[in-house]
Structure formats: structure tokens, C-alpha cells
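One structure is given below, encoded as C-alpha cells.
Read-outs throughout are calculated quantities, based only on the coordinates presented, and are distinct from any laboratory measurement. Because the structure is a prediction, the values reported are computed rather than measured. Ideal geometry is used to build each Cβ from the backbone, glycine not excepted, and the neighbour counts take in all protein chains shown.
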Amino acid sequence: MKANQSDEIRLSIPNKPEYVGVARLTVAAIASRIGFDIEKIEDMKIAISEACNNAITHGCRYCDEGEYNINFVLTEKKLTISVYDKGEGCKCELEDIRKPNYNNLKEGGLGIFIIKSLMDDVEIESEKGKGMMIRMIKYLGDGI
């Protein structure tokens, strides 16, 4: 890839858990293609799984059918992954996501925390009634 060049790949995924594997395989193929090591690829696979599950569970809770979308933007220095849905949205702030209480773990509710732990940069955009977007960035090399 030439300096300052970027490529974009877009996916629309059915609102079904059985298709999360497609997103995982896609991010692995893209990340491998641009030179990420296996450890960073595994981190991205977990992060995208969490973001997809979030879109299915929360963003499309009332959708019997439909889809959510994933955009991958590749440059020579980073991979940006955006997972967005057209669900009900929420008023959630990234700063409000705290470290879990390990003495009282509950099933669910750890997705954003896990994503923040595995990716270099994470942004959330959400507006009530207009869906949610989670943007995750992983830098090639040792980070920013």
C-alpha cells in the first residue's frame, strides 16, 4: 500500500449470531494482508465479535430481520473498524465504562470494556432512536 493511500471494505451482516464468524474471518484476512502479527489479529477478532454481539443484542433487539454494518478502512499504519446499527441507540459515554467488579461479575455488560482493553483507540457515537457506532483502531507496530 502506498503512503497516504487507504482502502475501504464494507460489509452488511444479517442480525443473526451465526454470522459473527464472517466478521471475525474478514478482520483476520484484512489484518493479515496489511502485516499485523497474530497476537494483534486475535485481539481484533475478539473486539469485533464483541462489537457485533452488541449490535445484535442491543442495537437490533427488536429487529426480527435486518442487518448491521461494518466498515474497514486500511492504511499503511492502521486498521479502523466501524460497527454500526440502526437500532434504538443509547446515551452511553466511553468514559463511563469502568473496570468490572471482579468479585461480582455478571454475564453480559463487559463488551465495551473488553473492546477498550484490546484496541488502541475506541470511539462510540450514539443518538437515541438513530442507532450506535463503535469505531475501533489498531495501529501497526507498537501503537501510536
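Just a few scattered comments:
- Annotation: Phe72 fulfils all but one of (1) surrounded by 13 or more Cβ atoms within 10 Å (Cβ to Cβ); (2) over 15 Å from the mean Cα position of the chain (by Cα); the unmet one is (2).
- Single residue of segment 117-144 satisfying the filter (crowded, with 17+ Cβ neighbours inside 10 Å and basic (Lys, Arg)) that is farthest from Thr57 (Cα to Cα): Lys138
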